[in-house]
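The values are calculated or read from the model by the stated rules, or taken from the named source; none is laboratory data. None of the values given here were measured: they were computed from a predicted structure. Cβ: placed from backbone, ideal geometry, glycine included. Neighbour counts: every protein chain shown.
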Amino acid sequence: MTKRLLLALVSCSAILIGCSKIDLDTPSYFFTHWNSCEALTALQEYVQDVTNPFSANYIKPDDRIVTFDMDGTFVGELYPTYFEYNLLEYRVLDDPSYKDKAPEDVRETAQEIRDFVRKGTKLPDHFDMKHAQAAATAYAGMTLAEFDAYVKAYAAKPANGFIGMTYGQSFYKPMLEIFKYLEAYGFTYYVVSGSDRFICRALVESIGIEPNRVIGMDVRLRSSSQGTEAGVEYTLDKYEDLIRTDELIIKNLKTNKVLQISQEIGKVPVLSFGNSGGDSAMHNYCLSNSLPSAAFMLIADDPERDHANREKALKLGEQWRQAGYHVISMRDDFKTIYGSSVQKVDFTF
């Protein structure tokens, strides 16, 4: 290689590296789906501060832990209710392979979801736990591979209340940009959801989130040939499958989220993103960190592009601000929610 050619290559490399650095520090490099807003500015200022090695607030990469709720935070939940609720309703009341086998209490739970969706009937108190128990029963006996395929098959159906989008495509595009932004600055993020862990894994696989970064509701697993023997007594054969049981371990909401973060991650997050009171404990845990920290709440205040109750959302937004959280407005802060090709329409039943 001639000296002149070598110098030219070095010069080109320097220009490319320089351009990458400039782009990385330019908000538009990441945030093409955002309007200029207070919440995004707060996030960017925080990240620039804590990743600056000359700042008094510098956080080492190993401690840059971020937790994200899933439903309503970066995945749609207003079609017309949570994905896992819709899935259970379908499984118990419509799926020809199961609907005649569902126990009465499971059928009752699914019907309560249907009445809530179609008639506006209020769900019973403590329904989160009732649903979790019913779901554990409804999917018991499925191998993990079978359940993953089942979730993905339902996720491929058109999302109720929208044209141009399946359930599995219902990601908030602006929030996906936050994942990329944080990853570029050395943060490690986890999905911490109240939904079933294996449902979450199936849904987020398409956006590149690894299964070991997902924490959610859990049921006990067994090997396909384990029988009644305890796991400490039984040795798994290499040809066996893992199957779901009907034994609920944990519903991952509120303080349970904090307990699971401590057990599975082992560090207190420095950033936390959510959208409901079920995420407040996780946010408060984050803000208790001795390291600089921040928490963000997304409010569904855009009835034009999503099925939202703006009045309720604005009241929640004020509540979250008083709690010390940054508030993200879907209506004001997002240029798009699901993408320009997606259109909100009336629900069909």
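At a glance:
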item	result
Met165 vs. criteria in contact (Cβ under 8 Å) with a residue 24 or more places away in the chain and over 16 Å from Thr245 (Cα atoms)	yes
Any hit, the stretch 123-146, residues being charged (D, E, K, R), outside any loop (DSSP other than H, G, I, E, B), in contact with a His (Cβ under 9 Å, 6 or more places away or on another chain) and not assigned by TED's automatic domain parsing to the domain that holds Gln169	no
From Thr245, Thr235, residue being of a type in the set (Val, Ile, Thr) and part of a strand (DSSP E or B)	Thr245
Which numbered condition Gly216 misses (of (1) part of a loop (DSSP other than H, G, I, E, B); (2) among the small types (Gly, Ala, Ser); (3) crowded, with 18+ Cβ neighbours inside 10 Å)	(1)
Residues (surrounded by 19 or more Cβ atoms within 10 Å (Cβ to Cβ), outside any loop (DSSP other than H, G, I, E, B) and in contact (Cβ under 8 Å) with a residue 60 or more places away in the chain) located in the stretch 67-102	Thr67, Phe68, Asp71, Val75, Phe83, Glu84, Asn86, Leu87
Criterion (hydroxyl-bearing (Ser, Thr, Tyr) and either without any contact (Cβ under 8 Å) to a residue 12 or more places away in the chain or at positive phi (or both)) met by exactly one of Tyr189, Tyr239	Tyr239
